[in-house]
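The values are calculated or read from the model by the stated rules, or taken from the named source; none is laboratory data. A quick note: this is a predicted structure, and the numbers were derived from the prediction, not measured. Every residue, glycine among them, receives a Cβ derived from its backbone with ideal geometry; neighbour counts consider all protein chains shown. We work out accessible area using only protein heavy atoms, side chains counted, and drop any ligands, DNA or RNA first. Shrake-Rupley method; radii C 1.70, N 1.55, O 1.52, S 1.80 Å.
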Amino acid sequence: MTYYQKQVQHLRLRCFPNQALVNRLIKAKQLIDTQFAEALPLETLAREAHLSPFYFIRLFRLCYGTTPHQYLTTVRIREAKRLLLTGHSMTDTCFIIGFSSITSFSALFKKHTGQAPSAFQKKAILKKAAD
C-alpha cells in the first residue's frame, strides 16, 4: 500500500465515508506541501478542494487536527530548519520559504522552535563540530 493510499484510508476512517471529499482535502494539503513558498490564500486552497472557505477550514481541522494556515506555517518552519542546517543564511531562508519580512520570519521561527534562526543555526553547527 502506498503512502497516499494509507493517508486516504486513515482520513476516510477518521472523518468521512465520502471518498471524493477526502480526496479533495488531500489534494489541497498536497498543494500546501508542494507550493508552501508561494502565497496560498485560504480562498485558493478552498477552491482547490471545491469547498467554501469556512467549510474547508472546518473539514481540514477535523481531519488533520490543525487549520490550513497553521499547517502551512509548520511546513514552512520545517523547511526553514532544513535550509538553515544546510548552510543557507537567515535572509535567504526567509525569502526561499515565502516570507516577505525577516522580522516576521524570525519571530515566527522563535515562537515555534524556542530560539531565533541564527541561534538555531549556530547550535547546529556547534553540535556538528562536537560530533
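In table form, for the structure just shown:
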item	result
Rounded tilt (10° steps) of 19-34 against the dominant C-alpha axis of the chain	20
Accessible-area composition of segment 76-130, carbon plus sulfur, in percent [1.4 Å probe]	59
For the chain, Kirkwood radius (reciprocal of mean inverse C-alpha pair distance, Å)	16.2
Å² of accessible area per residue within the chain, as computed with a 1.4 Å probe and no ligands counted	62
Computed magnitude of the charge dipole of segment 18-72 (debye, nearest 20; Cβ of K, R +1, Cβ of D, E -1)	200
About the Cα centre, charge dipole magnitude for the chain (Lys/Arg +1, Asp/Glu -1 at Cβ), debye	460
Segment 18-72: relative contact order as a whole-number percent, Cα under 8 Å and 6+ apart	33
Degrees separating the helix 117-130 axis from the principal Cα axis of the chain, which is the longest one	70
Within the accessible area of segment 18-72 (1.4 Å probe), percent carbon and sulfur	57
Given charges at beta-carbon only (K, R positive; D, E negative), |dipole| of segment 92-131 in Debye	180
Rounded to whole Hz, the Karplus (6.51, -1.76, 1.60) HN-Hα couplings of segment 60-72, x for glycine and proline	4, 5, 4, 7, 9, x, 8, 7, x, 5, 5, 5, 4
Computed over segment 76-130, Cα set: Rg, Dmax in Å	10.4, 35
Acute angle (nearest 10 degrees) that the helix 102-113 long axis makes with the longest principal axis of the chain, alpha-carbon atoms	80
